[in-house]
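What follows is a single structure, written as structure tokens, with notes after it.
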């Protein structure tokens with residue numbers, strides 16, 4: 001299993017790295033578009049669409065919408081109009097509502113148990129995550145990676161913290177493997193990482209140095225905590241959907257890792273809020 005995970009990670013790295021060094025954000029946008037289209041098919045599966053043809057119909061519809069948005073982005077020189085602020089606010093509010101209504105009860109609200117409703121929600125939220133990711137890439141590859149690394153650092157810290165000190169479960173009805181100790185370790189690591197990004201000139205400019213300029217150090221650290229809490233909640237929400245669908249992984253595209261959603265679930269609620277913080 002470990003060898004499989006490492007090989008898959010190396011293949012993904014080989015695909016991703018050229019799009020990060022390329023000055024034009026288009027290659028990265030297209031690669032992310034392809035992966036998120038697969039993620040849409042996986043979301044449709046978790047929503048309750050058992051037939052592969054229906055799952056890929058959702059994916060193709062999503063891909064078509066993404067291509068239209070991408071074309072519009074290129075026409076606008078990769079810069080979104082100020083009116084998109086409302087879209088980021090709406091998506092962030094939607095995520096907050098989903099998480100508050102679902103996680104404490106370990107069950108999605110009744111309307112979300114309808115495949116069409118859950119599919120439509122996923123359609124919009126995946127589009128928002130992809131668009132936010134592209135806009136971060138437009139700011140620079142290192143700028144984008146500085147935000148993504150917060151989620152990755154928190155996830156790694158949670159894993160090792162949970163193994164070392166984890167006894168009390170964080171959400172046993174949703175994901176028995178996650179512990180409270182892991183969550184606290186994730187928050188601690190995230191705060192240290194965000195502080196380093198804002199303090200060390202060699203790492204700047206980055207997402208957290210910009211937040212520190214706009215909101216002060218205290219505000220930046222509070223926002224880093226909020227982003228990590230959302231990443232943990234996003235992971236739990238996907239686990240909830242998988243448990244409801246009776247599956248272990250969202251898909252099989254990534255050997256040793258599962259599906260696309262299994263790799264980006266923690267990022268989905270984080271990305272729209274990150275864009276909202278940049279445009280406020």
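The values are calculated or read from the model by the stated rules, or taken from the named source; none is laboratory data. In this text the structure is predicted, and so the values were computed from the model without any measurement. Note that we place each Cβ from the backbone using ideal geometry, even for glycine, and neighbour counts take in every protein chain shown.
Some points to look at:
- Among (1) outside any helix (DSSP H, G or I); (2) exposed (fewer than 15 other Cβ atoms within 10 Å of the Cβ); (3) touching a helix residue (DSSP H, G or I) at 6+ places or on another chain (Cβ under 9 Å) - the single one residue 111 does not satisfy: (1)
- Considering 133, 126, 118, 103, the condition of being surrounded by 15 or more Cβ atoms within 10 Å (Cβ to Cβ), within 19 Å of residue 223 (Cα to Cα) and modelled with pLDDT of 95 or more is satisfied by 133 alone.
- One residue alone among 234, 246, 216, 258 is modelled with pLDDT of 95 or more and at positive phi, and that residue is 216.
- Verdict on residue 254 being touching a helix residue (DSSP H, G or I) at 6+ places or on another chain (Cβ under 9 Å) and closer than 19 Å to residue 101 by Cβ: no
- Of the residues contained in the range 254-262, one or more are found to be closer than 30 Å to residue 82 by Cα and either surrounded by fewer than 19 Cβ atoms within 10 Å (Cβ to Cβ) or touching a residue at least 24 places away in the same chain (Cβ under 8 Å) (or both).
- Qualifying residue in the range 165-174 (condition: buried (at least 19 other Cβ atoms within 10 Å of the Cβ) and in a helix (DSSP H, G or I)): no
- Qualifying position, being surrounded by 14 or more Cβ atoms within 10 Å (Cβ to Cβ) and farther than 30 Å from residue 247 by Cβ, among 26, 68: 26
- The range 178-208, residues that are without any contact (Cβ under 8 Å) to a residue 24 or more places away in the chain, buried (at least 16 other Cβ atoms within 10 Å of the Cβ) and either part of a helix (DSSP H, G or I) or under 22 Å from the mean Cα position of the chain (by Cα) (or both): 179, 180, 181, 184, 198
- Scanning the range 242-253 for residues being in a helix (DSSP H, G or I) and touching a strand residue (DSSP E or B) at 6+ places or on another chain (Cβ under 8 Å) gives a total of 0.
- With respect to the conditions (1) over 18 Å from residue 44 (Cα atoms); (2) touching a helix residue (DSSP H, G or I) at 6+ places or on another chain (Cβ under 6 Å); (3) surrounded by fewer than 16 Cβ atoms within 10 Å (Cβ to Cβ), residue 230 lacks only one, and its number is (3).
- Those residues of the range 1-29 which are assigned to a helix (DSSP H, G or I), out of contact with any helix residue (DSSP H, G or I) (no Cβ under 6 Å at 6 or more places or on another chain) and closer than 23 Å to residue 74 by Cα, in sequence order: 15, 16, 17, 18, 21, 26
- Apart from one condition, residue 239 fits all of (1) assigned to a helix (DSSP H, G or I); (2) out of contact with any helix residue (DSSP H, G or I) (no Cβ under 7 Å at 6 or more places or on another chain); (3) surrounded by fewer than 20 Cβ atoms within 10 Å (Cβ to Cβ); the exception is (3).
- Screening 47, 32, 59 for residues that are in contact with a helix residue (DSSP H, G or I) (Cβ under 9 Å, 6 or more places away or on another chain), closer than 17 Å to residue 254 by Cα, modelled with pLDDT of 95 or more and crowded, with 16+ Cβ neighbours inside 10 Å leaves exactly one candidate, 32.
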